[in-house]
Each structure stands twice: as structure tokens, then as C-alpha cells.
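One structure is given below, encoded as C-alpha cells.
The values are calculated or read from the model by the stated rules, or taken from the named source; none is laboratory data. Remember, it's a predicted structure, so these values are computed and weren't measured experimentally. Glycine also receives a Cβ, built like all others from the backbone with ideal geometry; neighbour counts cover every protein chain displayed.
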Amino acid sequence: MTDTGGRVASREAPRVSRPAETEPGVSVRSQGLAARPAKGRRGRRTAAAWGWGLAGILLVALVWETYKLLAPADGVLIGDTRVLPRTTDLAMPHIWDMFSRLAEPVTRSPSAQPLWMVVGLAALTTLGIAAAGWLVGVVVGIGLALVMQRWRIAEWGLLPWIVLSQTVPLIAFAPIVKSWGSRVEIGSFEWQDWMSVALIASYLAFFPIAIGALRGLESPDRIHEELMQSYAAGYWKTLVKLRFPAAVPYLLPALRLGAANAVIGAVVAEVSTGLQGGIGRILIQFAGQASGDPAKAWAPIFGAILLGLVAAGSVALLGVILKNYRRSEESA
Amino acid sequence: MKHSTRRGLAAGAFAVTAAFLLAACSTGSGEGSSSSDSAGDEGLIPVKLQLQWLPQGQFAGYFAAADQGYFEDEGLEVEIIPSGGDIVPQDALANGDVDFAIAWVPKVLGSIEQGANLTDIAQIFQRSGTLQVSMADSGIESVADFEGKKIGSWGFGNEWEIFAAMADEGLDATTVQIITQDFNMNAFLQGDIDAAQAMTYNEYAQLLETVNPDTGELYTPEDFNVISYEETAGAMLQDAIWADTDRLESDSDYAETAVKFLKAVIRGWVYAAENPEKASEITIAAGSGWGPSHELWMVNETNKLIWPSPDGIGVINQDAWDKTVAGALAAVNESGAHLITEEPPASAWSNEYIDEALKELKDEGLDVTGENFQPIDVTLNEGGN
């Protein structure tokens, strides 16, 4: 009897989320019917999206250059307070100077690589560290959410601490993490400095993921939970068939926030702990050279922007994989 | 069909991204500091040295010692650890994260009064390299002229020479406006600061490699008034090698390692004095991001702070130490805080290890006083390139 019950549950359970699945089904068919026009329309829409994106960037560049051209060299002051920045080449280099600087070598040293390459490699290193931190954050965040969802008392006990954890300033514990890390040595495993940075990144990343996942796991209606109970579905079955699919719309924005936090955490922790090779390091290194070479200091900033875009884009890829479960996206 | 293809593509793209990231991660880890993996392979003693900032010409002697194999000759495998914004060398040393640390004397005096147990075992920089730079027409020609002006400082323990010099002139911190400087000289060049703190080997060079918008040429020394703290009562001892006091007393291996370490370091600094160009290249190869002319300037100016050392490089001069302590006792910062309130303990410095190292090096025929030291002339290019 129990056996049948289980089988019924497994066969019937997907029907719970049927409303979600019918839509893509319909759209597949309609796409099939009108494949060509739909494709053309999507192509046009993609082009438009890129066009608007590009226009946005151009607008920023235009505002920058117009302000630089028209505003007084000493900026705009109200009383003694400067409300708009100076427009000197030192404070605001020309856009074209910043970009042409990217193509030139970092220094005149014969071994110097072009600036864009140095920034790109540094951004890749930081991206790797941030990704490691993000993964740890995902595991810890979802793990905590599962525990909190399962036991109410765990939620009461843990949630305040999770919120509290984010009020500790990063610069306060970065040196402590590094100091602890330098003493970890288990067998042939030796703690590397980049792991401290990844740990700090995960510390920032896990928070939105834990909160988002908890809200998502708790999002199914009472009626759906009771339906699962009536099928005699246990905790795990309900989790896999009901709670996880229902959590996806909450989880995706949380993962994106987590990715952004991981990148910020990695960059700040690199500066804080003095890790070589990443974007945080060249950020302060080039800031020190900004008097004699103002355009150079902007290159790592562009690198950091690119880094954020790639991180957010990677999570968007996850969204495509999980698209069946994305009815709507809730803000985390 | 199309549906699943797209999802497959996305999954593939995601997998590729993940693979890239992991690859980036593993290369990132390898790029750290030079050598630590093969510790103990050839019976070398692993030693960690904490610097107080990013790799740059200021530390050329240590990088030269590593590059030229002087550490290995002494049976040491030294890992040179650069610092970032929040890694305080004396804290890392007091916590036992590293074996030796480079730090300015006044900063460590503060830490010692807070309870750290550290010993200055070699005073590498014999002179202070701190300047206060103002524009030539500013009328600021001595510390007495600071009154009522906007004075720049980096803070974080780099400010005590300013307050010690001012205390000697009868000025306290409330008579000036202290403005925190960042990593470059832009705030000074744009007029937000009347007199900016600058190291001879770094920020002063940054000024000289910047184009003066009025002339279209680089700034020249004539454009600036320079006050050198070395010539004021505020002068304090700077880059010194610090060791853990308790370990020096209780661990004879550590004390022996300290002597070996100092020997190799001194060879490194002698190398940097004799071959500033090569030392500068070594530092760039070790991860310094400065342009070649700036790096060479830095090595050359650093050499001037070390050589000549009539007592021998690294020997702590009692008078200079006492002057630093007197300045540290007199200095009060803008929030009314003192750096130290009582004399540091006798264990705060010791010439025992450097004397032994110098004796052995002299027996080997090395000139450790730099009697014939001649600085070179360095021409700075725009942007330090």
C-alpha cells in the first residue's frame, strides 16, 4: 500500500506545478507554427537591446565629456563644499585618453605587457576567487536555508545571527581571516592566501542566498503542501518536487546578488590582505601612480566593471537552464 | 527540440565558464610570493618576512637577497610577504604569522606600549625619508609656518613625525587642519592641501614626473618648498627589522636564524647600493608595478637613506633611538591622543644580532659602512615610465 502511495505521489506530484509547465508547452507549439516571424522578431529585439545598451554607455561618455568641456576647472562649489568634481585632466581624464592608455604597455619596462592585458588577467584571477567564494556561499546559504525551513526553532535561533554577521566590517576581520589561514596546514594541504580572500567573498555572498532561499523554500502555498501530504510524500520528496521548484524565482535574484557581493568581497579583501595578482591589488597600485599617469588609474575600474558584468551574466546563464521554473522573479 | 538545444547550449556555456574560473583560480594561487613549496627539501630553514607595503624599491635589498641567492647561502628559504591596506607588519609578527617584519620604529613603539613584545634587531634606514612638500609660492618654509595651514598626512601611524616636529615648535595639532592623503599627490596638486607628506623615494618623485599644466613640462624641484623631517626635531627612525622578543630569548635556533637572516639582508642591500639598476629590475620582476625610472629613483633614494652608515648598516644608534623616543613621547595627534606615554622597555632594541652579523661579514671582507657609496643621478620620465 505504501508502495503504491509513493508511486502515485511521484507520478502525480509534477501536476502541482502544471500551471507553470503549460505555458512553455504552448509557446513551443506557437513557435513551431510561426517559427520564422518569431525568430525575426527576437533577432530584432536582441539588436534593440544591444543598441540601447550601447546608447547608454555613449550617453555616459557624452555627459562626462560635456561636463568636462563646459564646467569650470575647479568644479562647482556651494560655499566651501564641492558638489561637482573638478574637470582638470588630473581629476577627469578624457575618455579617449583612458582607452588609448589601455592599448599602451603598463610601463616602459621591456617586459611590460599592454595595460588591457594586465587588467584582464587580474580581473580573471579575481573572478576565479570570487567564483570560488560564490560557490561556498551557495552551499552554505542553501544549507542554512534548508535547516531554517525544516525547523522553526533553527530559524529563530539562526536568522538574527545571519543578519548580524553582515554588520561586521570587512576590514575588521580580513586580517584575522588571513592570520588564521596562515596557521592552517592539514597534511599536504596548505592554506593559500587566495583562499582567505575567497572565504571573505563567501562571507558576503552567502547572506542574500540564505535569505532568498529561505523565502523561496517557504513560498509554496499551504494547499500545495497539504496536497503533498495527502500523497503521503515525505520531507525529501516534498523538497525536491515542490519546494525547490517553487524556490527558483526567489533563488535566481538572490544568486545574482550573491555573485555581486562575492565580487565586491573579493576585490576589497584583496586590497585588505595585500593579495598579489588580482584587480584589487592593481587598483591601489595604479591609484598611487595617478598623479603622473591619470588615465592609468581608470583601467582597473573598467576591469572591475567588466568583472561584475561577467559575474552577473554567468548567473543569468543559470537562469536559462532553470527557465521552466521561472514564472516570475521575486525580489530577494 | 529548439528549446532543449538552447538549454543545452546554456549548460555548456556555464560549464565552460566554471572551468575557466577554476583554471584562473589555480593560476591565481601560484602567483603569490616567490618560494614556499619546497621548504625543507634541501634542509633550508623556512623564514617569513612581512613587508609594510606592496613590493617596491623601498625593499630592494630584500628582493635582491632573494634573487641573488644570499638567503640560500645562509641556509634560509625566505618568503617575502607584501602587505596590503589592513595587514600591519608588527601585528602579523606579534601574532606569530611571520618570523620577521619591516616597520617604522614609532609605529612599533605604539604597538609595544599596547603589549606587543618585539625587538628592533637592525635599523636598516639610518635616516628619515619623510618630507613635507608645499608649492614654492606658499610661504611654508619651515614647520613653524604650518600654523593655520592645511597639512596632509597618510595617517595610520605615518603622521607622528609631523606632530613631533610641531610639538618642538610649540604648535599643537589643533593649530593646523590635518587632511588625510590617499595614494597619490592629486589633492596637493589641486590645492586641497597646502603642504603634503611625501617620501623622498616615492611621492616626491610622483610630483617630479607629473606635467605642470601651466608650463606643459614636468614639475621641477624649483616649483616646490621641501621640508625634510630629518633636519627637524621630529625625525624618527623608519624601516627596521623586527623580531619576536620572547622567541629571541627562549629559542636559540630562532636567534641563530636572525643572525643568518641579517647577513643575507645586508648582502642584499650592499648589492642594491652597488647595482641600483639591477636591483630596480629585480624589484620590478618581484611584482612592483612602478615604471622603470620611478623604480630606479626609489632604489637610489632608499640607498641614500641607508648609506653611508658609519657604524655599519643596521646598527641602532643610541642617539637616533633616543630622539625617536623623545619625539614619540612629545607628539599629540589631532584627536589629542599620544603615541606613547612612557619610555619603551630596554628589550625594544638590541644590537646583539646585527653586531654578530656585521662581524662575520667584515671577516669575509665586505664593506658594511658604505664609505665610498655614491648615489647615481636618476632622470624621471613622465608618469614614472
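Would it be correct to say that B:Val105 is under 26 Å from B:Val226 (Cβ atoms), touching a residue at least 24 places away in the same chain (Cβ under 8 Å), within 14 Å of another protein chain (Cβ to nearest Cβ) and not small (Gly, Ala, Ser)? When the stated conditions are applied, B:Val105 does not pass them. Checking each residue in segment B:163-177 for being outside any loop (DSSP other than H, G, I, E, B), under 13 Å from B:Gly152 (Cα atoms), away from chain A (no Cβ under 13 Å) and modelled with pLDDT of 90 or more picks out only B:Phe163. Every condition in (1) touching a Pro at 6+ places or on another chain (Cβ under 8 Å); (2) facing another protein chain (nearest Cβ under 9 Å); (3) surrounded by fewer than 17 Cβ atoms within 10 Å (Cβ to Cβ) holds for A:Asp74 except the one numbered (1). Candidates in segment A:80-100 are the residues that are among the β-branched types (Val, Ile, Thr) and surrounded by fewer than 15 Cβ atoms within 10 Å (Cβ to Cβ); of these, the one that is farthest from the other protein chains (Cβ to nearest Cβ) is A:Val83.
Scanning segment A:121-134 turns up one or more residues that are assigned by TED's automatic domain parsing to the domain that holds A:Gly234, out of contact with any Cys (no Cβ under 8 Å at 6 or more places or on another chain) and farther than 19 Å from A:Ile282 by Cα.
Can you tell me which residue is surrounded by the fewest Cβ atoms within 10 Å (Cβ to Cβ) among those in segment A:126-170 that are of a type in the set (S, T, N, Q) and in contact (Cβ under 8 Å) with a residue 60 or more places away in the chain? Once the filter is applied, the top-ranked residue is A:Gln149.
Condition check for A:Ala201 on (1) buried (at least 22 other Cβ atoms within 10 Å of the Cβ); (2) over 21 Å from A:Glu155 (Cα atoms); (3) touching an Asp or Glu at 6+ places or on another chain (Cβ under 9 Å): one failure, at (3). Scanning segment A:299-316 turns up one or more residues that are closer than 29 Å to B:Asp97 by Cβ, more than 14 Å from chain B (Cβ to nearest Cβ) and not in a loop (DSSP other than H, G, I, E, B).
Pairs linking a residue in segment A:234-258 that is in contact (Cβ under 8 Å) with a residue 60 or more places away in the chain to a residue that is assigned to a helix (DSSP H, G or I) and among the basic types (Lys, Arg), with Cβ atoms under 7 Å and 6 or more positions apart or on different chains, are A:Tyr250/A:Arg215.
Report yes if B:Ile306 is free of Cβ contacts under 8 Å to residues at least 60 places away in the same chain, buried (at least 18 other Cβ atoms within 10 Å of the Cβ) and β-branched (Val, Ile, Thr), otherwise no. I'd like the intermediate steps shown before the answer.
Values: free of Cβ contacts under 8 Å to residues at least 60 places away in the same chain: no; buried (at least 18 other Cβ atoms within 10 Å of the Cβ): yes; β-branched (Val, Ile, Thr): yes.
Considered against the rule, which asks whether it is free of Cβ contacts under 8 Å to residues at least 60 places away in the same chain, buried (at least 18 other Cβ atoms within 10 Å of the Cβ) and β-branched (Val, Ile, Thr), B:Ile306 comes out as no.
Are any of the residues in segment B:50-63 under 30 Å from B:Ser128 (Cα atoms), more than 18 Å from the chain's Cα centre (by Cα) and either within 13 Å of another protein chain (Cβ to nearest Cβ) or at pLDDT 70 or above (or both)? Within segment B:50-63, none of the residues are under 30 Å from B:Ser128 (Cα atoms), more than 18 Å from the chain's Cα centre (by Cα) and either within 13 Å of another protein chain (Cβ to nearest Cβ) or at pLDDT 70 or above (or both).
Scanning segment B:306-330 for residues that are assigned to a helix (DSSP H, G or I) and more than 23 Å from B:Phe163 (Cα to Cα) gives a single hit, B:Ile306. Within segment A:257-270, the set of residues being within 11 Å of chain B (Cβ to nearest Cβ) and surrounded by fewer than 24 Cβ atoms within 10 Å (Cβ to Cβ) comprises just one member, A:Val268.
Answer yes or no as to whether B:Leu339 is at pLDDT 90 or above, touching a Gly at 6+ places or on another chain (Cβ under 7 Å) and more than 14 Å from every other protein chain (Cβ to nearest Cβ). I'd like the intermediate steps shown before the answer.
On the way: at pLDDT 90 or above: yes; touching a Gly at 6+ places or on another chain (Cβ under 7 Å): yes; more than 14 Å from every other protein chain (Cβ to nearest Cβ): yes.
So B:Leu339 passes the test.
Condition first: under 30 Å from B:Val143 (Cβ atoms), among the hydroxyl-bearing types (Ser, Thr, Tyr) and loosely packed, with under 14 Cβ neighbours inside 10 Å. Can you find one or more residues in segment B:360-381 that meet it? The answer is no, given that none of the residues of segment B:360-381 is under 30 Å from B:Val143 (Cβ atoms), among the hydroxyl-bearing types (Ser, Thr, Tyr) and loosely packed, with under 14 Cβ neighbours inside 10 Å. Quick check: is even one residue across segment A:192-214 free of Cβ contacts under 8 Å to residues at least 24 places away in the same chain, more than 18 Å from A:Val140 (Cα to Cα) and out of contact with any Cys (no Cβ under 9 Å at 6 or more places or on another chain)? Among the residues of segment A:192-214, at least one is free of Cβ contacts under 8 Å to residues at least 24 places away in the same chain, more than 18 Å from A:Val140 (Cα to Cα) and out of contact with any Cys (no Cβ under 9 Å at 6 or more places or on another chain), which makes the answer yes. Return a yes/no flag: does segment B:122-138 have any residue that is in contact with a strand residue (DSSP E or B) (Cβ under 6 Å, 6 or more places away or on another chain) and closer than 17 Å to B:Asp322 by Cβ. Yes, because at least one residue in segment B:122-138 is in contact with a strand residue (DSSP E or B) (Cβ under 6 Å, 6 or more places away or on another chain) and closer than 17 Å to B:Asp322 by Cβ.
Of all the criteria given as (1) in a loop (DSSP other than H, G, I, E, B); (2) surrounded by 15 or more Cβ atoms within 10 Å (Cβ to Cβ); (3) of a type in the set (Asp, Glu), the one not satisfied by B:Glu356 is (1). Scanning segment B:84-109 for residues that are surrounded by 21 or more Cβ atoms within 10 Å (Cβ to Cβ) and of a type in the set (S, T, N, Q) yields one hit, B:Gln90. In summary, A:Asp193 fulfils each of the numbered conditions (1) acidic (Asp, Glu); (2) closer than 20 Å to A:Leu135 by Cα; (3) more than 14 Å from every other protein chain (Cβ to nearest Cβ) with the single exception of condition (3). When the residues of segment A:277-286 are filtered to those that are closer than 25 Å to B:Leu49 by Cβ and free of Cβ contacts under 8 Å to residues at least 24 places away in the same chain, the one that is farthest from the other protein chains (Cβ to nearest Cβ) is A:Leu283. Of the helices (runs of 4 or more DSSP H) that lie entirely inside segment B:186-291, those containing 1 or more residues that are buried (at least 24 other Cβ atoms within 10 Å of the Cβ) and either in contact with a Gly (Cβ under 7 Å, 6 or more places away or on another chain) or within 14 Å of another protein chain (Cβ to nearest Cβ) (or both) span B:186-189, B:203-208, B:252-274, B:276-285. Taking the criterion of being assigned to a helix (DSSP H, G or I), more than 17 Å from A:Ala247 (Cα to Cα) and modelled with pLDDT under 95, the residues of segment A:133-154 that qualify are A:Arg152, A:Ile153, A:Ala154.
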